[in-house]
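Bear in mind these aren't lab numbers, they're just calculated from the coordinates by the rules spelled out. Predicted model, so just to flag it, every value in this text is computed and none were measured. Cβ: placed from backbone, ideal geometry, glycine included. Neighbour counts: every protein chain shown.
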Amino acid sequence: MNVEERFNLIKQVGEEIITEEELKAILEEKKYPIAYDGFEPSGIMHIAQGLMRVININKMINAGCRFKILIADWHAWANNKFGGDLQKIQRAGELMIETWKASGLKTESVNFIWANELIARPDYWKKVMKIATNSTLKRIIRCGQIMGRKEEEMLSASQILYPCMQAADIFELDVDICQLGLDQRKVNILARELAPKLGYKKPVAVHHHMLLGLQTKKTETKDKVDQVIELKMSKSKPETAIFMTDDEEKVNEKIMKAYCPEKEIENNPIIEYCKYIIFESHPKIKIERDKKFGGDLELNYEELLRIYSKGELHPLDLKRAVAKYLNEMLAPIRTYFKKNKRAKELLEEIQR
């Protein structure tokens with residue numbers, strides 16, 4: 001692909017790119033730029049971290065990127081995941097890797113790096129200190145968004161340290177592109193602002209869409225990122241999420257209970273599942289209906305939006321189709337965890 005084609009592919013991933021001009025310059029300069037994302041091991045992954053994340057990373061790889069995935073075990077420890085049990089956090093990290101493998105991640109172009117290894121590098125904590133001494137406490141507290149924390153929450157000392165560590169990760173990994181969710185925006189901006197002052201590479205930020213939770217209803221807030229965090233799929237609210245290991249019955253149950261207002265395509269989680277997951281691997285979807293309701297439909301995404309917004313497709317029929325396609329996409333992951341002994345043991349351990 002030429003630079004423009006690579007740029008357009010990355011733009012499919014980035015709901016926000018800071019900045020597009022800088023990204024184009026990187027693509028012109030480098031055939032294989034380094035992109036990164038970081039993940040706290042905190043339990044079973046939902047489909048936004050699994051299916052959708054694999055789709056996005058594979059697109060970045062197809063655009064020429066070489067990907068570094070940081071398994072942020074120490075960050076999860078700082079954020080008190082699993083009650084601060086580092087060993088269990090690390091086992092959850094191993095489970096994440098197995099889940100991505102089962103989901104079709106192009107692992108030959110991915111380097112998995114553990115925070116536990118990163119922090120042992122000679123200059124890592126010097127970077128953390130430089131970031132901390134050049135940031136105000138107020139700003140670091142605002143960055144608590146990246147941990148799913150609100151400004152008014154009482155943070156532990158380790159959670160105050162977390163944003164400084166995440167910014168240091170960007171510099172230590174020497175990345176060209178920070179390819180994280182929109183909820184991580186505040187730290188990416190912090191790193192971009194501090195990079196020239198501290199003598200580090202200034203990264204481009206490519207923020208991907210945050211998939212809506214199943215029970216989402218639009219809320220009003222002044223801050224776009226606050227709204228993203230409020231509405232996104234969340235492990236802490238299991239009824240809002242489809243998990244990568246949910247069985248067929250559970251997927252059907254959650255989808256059927258999902259918020260899906262008739263004729264509305266904005267802030268509709270079922271429509272989002274179609275756009276960001278199902279249509280990524282299916283040019284058209286088949287919606288099965290009784291003949292008295294118009295019979296079966298085969299629709300591409302644009303046709304789906306048009307018909308649904310006009311009220312010519314009932315939410316229940318759309319939900320049934322979405323549940324069917326999601327179950328088909330999750331079936332290989334379920335099989336992987338049944339047949340792969342190590343993956344099965346990890347899953348059972350984390351579920352306990």
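How long is the gain from THR136 to ASP85 if the chain were fully straight, where each residue apart is worth 0.36 nm and the alpha carbon distance is subtracted?
That pair, THR136 and ASP85, stretches by 15.4 nm at full extension.
Roughly what % antiparallel, to the nearest 5, for the DSSP beta bridges in the chain?
On the way: 9 of 25 bridges.
Here the share of antiparallel DSSP bridges comes out near 35 percent.
Normalised by the number of residues in the chain, what is the relative contact order in percent for Cα pairs under 8 Å and 6+ residues apart?
18 percent
Students often forget the sequence filter, so: which lysines lie under 22 Å Cα-Cα from LYS81 once same-chain residues fewer than 8 apart are removed?
Here the lysines satisfying the reach criterion relative to LYS81 are LYS150, LYS186, LYS232, LYS235, LYS237, LYS344.
Give the order of ILE170, ILE160 when sorted by the count of other beta carbons within 10 angstrom, beginning with the fewest.
Details: ILE170 28, ILE160 16.
Ascending Cβ contact count within 10 Å gives the list ILE160, ILE170.
Could you please state, rounded to a whole Å, how far the C-alpha centre of segment 275-352 is from the C-alpha centre of segment 1-40?
So the two Cα centres are separated by 29 Å.
Over 21 Å between C-alpha atoms is what I'm after, so list which of LYS127/LYS197; LYS250/LYS338; LYS254/LYS324; LYS11/LYS254 land there.
LYS11/LYS254
Which aspartates and glutamates have a Cα less than 20 Å from the Cα of LYS257, not counting those fewer than 8 places away in the same chain?
Of all the aspartates and glutamates, those that pass the test against LYS257 - Cα under 20 Å, at least 8 places apart if same chain - are GLU230, GLU239, ASP246, ASP247, GLU248, GLU249, GLU266, GLU272, GLU288, ASP317, GLU328.
Once the mean 1/r over all distinct Cα pairs of the chain is inverted, what Kirkwood radius in angstroms do you read off?
Hydrodynamic radius (Kirkwood, Cα pairs) of the chain is 21.3 Å.
If you project the alpha carbons of segment 3-208 onto their three principal axes, what span does each projection cover, largest first, in Å?
46, 41, 34
Excluding residues on the same chain fewer than 8 positions from LYS126, give the aspartates and glutamates whose Cα lies under 14 Å from its Cα.
Hits, sequence-local ones excluded: ASP169, GLU172.
Report the full-extension gain for the segment PHE293 to ARG342: residue separation times 0.36 nm, less the Cα-Cα distance, to one decimal in nm.
Value of the extension gain: 12.9 nm.
Which of ILE265, ILE131 comes first, and how do the rest follow, when ranked by fewest Cβ neighbours within 10 Å?
On the way: ILE265 16, ILE131 24.
Going from sparsest to densest Cβ surroundings: ILE265, ILE131.
Based on DSSP H runs of at least 4 residues, each adding -39500 (n - 2.57), what is the mean residue ellipticity at 222 nm of the chain after dividing by all its residues, to the nearest 500 deg cm²/dmol? Present the calculation step by step, with values, prior to reporting the outcome.
Numbers: 16 runs with 176 residues, N = 352.
The helix contribution divided over the chain gives -15000 deg cm²/dmol.
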